[in-house]
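To start, I am sharing the structure in question, which I have written as structure tokens.
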């Protein structure tokens with residue numbers, strides 16, 4: 001298990017990496033890392049909402065702790081699980097939808113595609 005505080009730091013690091021890539025016109029990598037950071041941040045929020053202080057790192061931990069719903073890369077599903085309502089802030093909602101629409105993770109190969 002990884003603490004939510006540690007996981008939040010991972011998300012911050014990936015977001016910082018994403019910004020650096022965007023500055024240097026490396027947009028595919030920037031979108032990928034931004035989506036990854038968003039995925040992690042939503043998992044942290046969803047875990048907090050459900051009263052957890054840590055997050056599973058292995059398949060066994062997911063199974064043992066009944067958190068299988070959080071084992072997804074679907075940003076819209078994670079947004080729902082987090083309980084956040086971005087619709088009240090049009091700018092945040094627009095930014096979320098841009099990343100969610102353009103970020104696709106191919107699980108088998110760990111390659112990313114930007115539509």
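Could you give every pair whose Cβ atoms fall below 7 Å, whose first residue belongs to segment 65-82 and is farther than 17 Å from residue 35 by Cβ, and whose second residue is in a loop (DSSP other than H, G, I, E, B), counting only separations of at least 6 or pairs across chains?
The qualifying pairs are 65/56; 67/56.
Among the helices (runs of 4 or more DSSP H) lying completely within the chain, list those that include at least 1 residues that are at pLDDT 90 or above and surrounded by 13 or more Cβ atoms within 10 Å (Cβ to Cβ). Give the derivation first.
On the way: elements: 4-23, 27-49, 59-64, 75-82, 90-102.
Answer list for the chain: 4-23, 27-49, 75-82.
The values are calculated or read from the model by the stated rules, or taken from the named source; none is laboratory data. Note that the structure is predicted; figures quoted are calculated from it, not measured. Virtual Cβ from ideal backbone geometry, glycine too; neighbours counted across all protein chains shown.
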